[in-house]
1. Give me the residue from the range A:249-258 that is of a type outside the set (A, V, I, L, M, F, W, C) and outside any strand (DSSP E or B) and, out of that set, nearest to the other protein chains (Cβ to nearest Cβ).
2. Can you tell me how many residues within the range B:101-118 are among the hydrophobic types (A, V, I, L, M, F, W, C) and more than 14 Å from every other protein chain (Cβ to nearest Cβ)?
3. If you check B:Ile60, B:Ile92, B:Ile122, which single one turns out to be farther than 27 Å from A:Phe308 by Cβ, among the β-branched types (Val, Ile, Thr) and modelled with pLDDT of 95 or more?
4. Can you spot a residue in the range A:306-321 that is surrounded by 23 or more Cβ atoms within 10 Å (Cβ to Cβ), part of a strand (DSSP E or B), facing chain B (nearest Cβ under 10 Å) and in contact (Cβ under 8 Å) with a residue 12 or more places away in the chain?
5. Would you point out the residue of the range B:181-201, among those that are without any contact (Cβ under 8 Å) to a residue 12 or more places away in the chain and assigned to a helix (DSSP H, G or I), that is farthest from the other protein chains (Cβ to nearest Cβ)?
6. Checking A:Lys244 against (1) under 25 Å from B:His107 (Cα atoms); (2) in contact (Cβ under 8 Å) with a residue 60 or more places away in the chain; (3) not in a strand (DSSP E or B), only one condition comes out false. Which one?
7. Among (1) within 14 Å of chain A (Cβ to nearest Cβ); (2) among the hydroxyl-bearing types (Ser, Thr, Tyr); (3) farther than 26 Å from B:Asp227 by Cα, where does B:Ser65 come up short?
8. Kindly establish whether B:Leu163 is within 22 Å of B:Ser48 (Cα to Cα), of a type outside the set (Phe, Trp, Tyr), within 12 Å of chain A (Cβ to nearest Cβ) and crowded, with 16+ Cβ neighbours inside 10 Å.
Amino acid sequence: MSVRFFAISVLLFGAVFLAGQRSVAYEKDTEIGYTVATNTISAISETWREKGDDRTDLYCAYWTWDDYGWYCRTWALELNDPLVDAYSLSPYGGSTTRGTDVDTQRATVRYDFLPAVHGKWTAQGEHYVQQWVFVRYCSFRNFCTGWIPSRLNFYYLGATAAEHSPIFLDIARYTSVSLSESTVDTAILPDATELLQTNDGPGDVACPISFRRNGAISVFSVGDGRINDSAEISEVHAVSGRVKVVEEINWCGGRAAPTTTLGCSGPRGILVERTSNREGMLWAHEYGHNQGLWVSGHSPNPNFLGYFSSVPTARRVTQRECDLMREPVD
Amino acid sequence: MNWQSALSLLVLALATGTNVSAQQVTQPDVSEYIRGQAFHGDSYEELSTLYDSTAVPALIEALNSDAEEENWARAAYLLGIVGGERAGGALIAFIEKGDSPFISRAHNRARKAAMQSLGYLINRTRSELALDYLIEGLTPSVWRERNVMGVVPYADSYEEYDLLLSTYALFGLALSGHPRAGEALTALQRSPKPEQLQFRDSEESTLTQWLEVHGLVAERGVAGMDDYYESQHRLELAPRLEEAQRLREAQQTRP
């Protein structure tokens with residue numbers, strides 16, 4: 001008797017345990033009592049992808065179950081954008097969780113978000129957009145309701161989508177320069193973005209722009225990677241790309257570049273050397289020059305990005321500087 | 001002691017005291033400087049005002065410390081601005097330092113800085129040691145004779161790297177403004193030795209441009225060269241700034 005009871009317990013435990021591990025293709029419908037998902041997110045890509053390309057997926061990040069059976073407690077909208085985290089969406093009124101911790105709870109089933117909805121993105125007021133999805137509820141025993149339209153509300157933290165203006169940069173490197181897309185996407189551009197978006201103190205604004213790589217890093221072989229005179233710098237400035245990474249900058253702005261120069265702004269983009277210190281700040285600073293900032297002289301204040309040196313504190317931008325940096329790229 | 005002597009002593013004491021006070025004003029921490037990073041390089045004039053020869057030991061120490069590799073370039077740069085003959089020896093030793101086949105970009109940047117810095121040293125002190133070193137460096141094969149080891153990743157061979165080192169020597173000579181440097185650069189341009197021919201041909205436009213730099217430094221000094229470039233920059237900017245001002249005024253008067 002006790003052995004049988006033990007065996008049944010083990011089987012039940014195993015069933016429950018395994019059930020907790022399985023992936024299921026169900027969503028909970030709103031008739032049971034939830035708005036499917038309402039949460040806040042801080043940024044959203046404006047370039048939604050096409051159906052079937054396995055991008056911009058809506059999936060259930062955390063399944064749980066109650067008396068009515070399985071339901072999705074936490075939705076995640078994965079933008080498949082290297083610079084944007086997957087954001088978790090909690091049931092209405094719930095708390096928000098954000099970030100990569102949902103990866104460990106990810107269900108295997110995904111839905112291309114665009115084809116899952118019947119309609120377009122609509123802006124509802126200033127701070128959120130709303131979209132309809134079809135969901136259905138399935139019980140523990142796999143009894144499912146029909147598909148029921150539900151509404152997903154995506155809220156922005158603070159700024160509207162329009163205010164998060166991604167600036168896409170074409171990046172080129174001289175053939176011998178070592179620069180990976182991963183380094184650009186995970187270090188340089190996020191660092192440049194973060195220092196602009198963060199309000200670091202008096203006089204600073206949280207400038208709502210973000211830098212993104214536009215396509216693959218192109219490779220050029222014009223010249224020898226070293227800018228030694230005006231002819232060479234003109235030659236490289238003519239290469240396509242807003243950011244051009246070279247080996248040495250020894251001539252800049254019509255003059256012999258002071259020793260240890262790392263960046264140079266030109267008529268059609270910026271030239272930079274690789275550096276191990278605050279490379280994102282360097283790119284942001286040169287980009288600022290390229291947008292018309294600090295042309296008659298650097299800022300005398302070491303707390304501002306326009307300062308001549310990349311000291312750790314040189315992170316602030318004024319509203320005017322922010323506005324100029326957000327001007328459309330030619 | 002009469003009152004005039006006493007007064008003289010008092011004046012002397014005050015002057016000495018004032019002088020001592022001035023000397024007691026400490027220059028900014030050199031290690032803070034060398035660990036910084038300027039986007040467009042540092043101002044020669046500013047550094048020469050902020051620092052003096054008392055910084056030399058710390059700079060040489062930094063050049064001898066592998067832990068400061070990322071900061072070697074700035075240490076080398078400042079050494080030529082504030083140092084004397086000892087600095088020249090240290091810079092040359094640094095240029096020739098290294099025994100591995102490859103050097104990092106940071107190390108190479110520092111070698112370049114050291115050669116340009118020798119130019120600043122020559123400009124300030126007329127150092128014959130530094131001058132001869134750079135003039136001889138215009139012949140690429142000299143670097144083999146000097147057994148300068150280590151090639152930067154973007155040079156495919158020692159031969160190519162020797163050309164690069166000679167280019168750095170060219171920069172240093174231009175920045176020195178020294179008459180002999182000008183003669184050497186002009187000779188390289190017009191009548192190179194056979195062993196300099198490839199170098200001259202590969203850097204023809206650079207040589208022409210940097211001879212102009214030499215002329216500016218010879219005429220105005222290094223700080224004067226910077227001022228000249230700055231004034232040229234402002235002249236180029238003037239129409240744009242005027243236009244920007246005009247637009248601002250037009251916006252303000254718009255109903």
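1. Selected residue: A:Pro258.
2. Matching residues across the range B:101-118 total 0.
3. Values: B:Ile60 fails: farther than 27 Å from A:Phe308 by Cβ; B:Ile122 fails: farther than 27 Å from A:Phe308 by Cβ.
Answer to the selection: B:Ile92.
4. Scanning the range A:306-321 turns up no residue that is surrounded by 23 or more Cβ atoms within 10 Å (Cβ to Cβ), part of a strand (DSSP E or B), facing chain B (nearest Cβ under 10 Å) and in contact (Cβ under 8 Å) with a residue 12 or more places away in the chain.
5. The qualifying residue farthest from the other protein chains (Cβ to nearest Cβ) is B:Pro194.
6. Of the numbered conditions (1) under 25 Å from B:His107 (Cα atoms); (2) in contact (Cβ under 8 Å) with a residue 60 or more places away in the chain; (3) not in a strand (DSSP E or B), the odd one out for A:Lys244 is (3).
7. Exception for B:Ser65: condition (1).
8. On the way: within 22 Å of B:Ser48 (Cα to Cα): no; of a type outside the set (Phe, Trp, Tyr): yes; within 12 Å of chain A (Cβ to nearest Cβ): yes; crowded, with 16+ Cβ neighbours inside 10 Å: yes.
No; evaluated as a whole, the condition is false for this residue.
The values are calculated or read from the model by the stated rules, or taken from the named source; none is laboratory data. Note that the structure is predicted; figures quoted are calculated from it, not measured. Don't worry about glycine lacking a Cβ; one is built from the backbone with ideal geometry, like all the others, and counts go over all protein chains shown.
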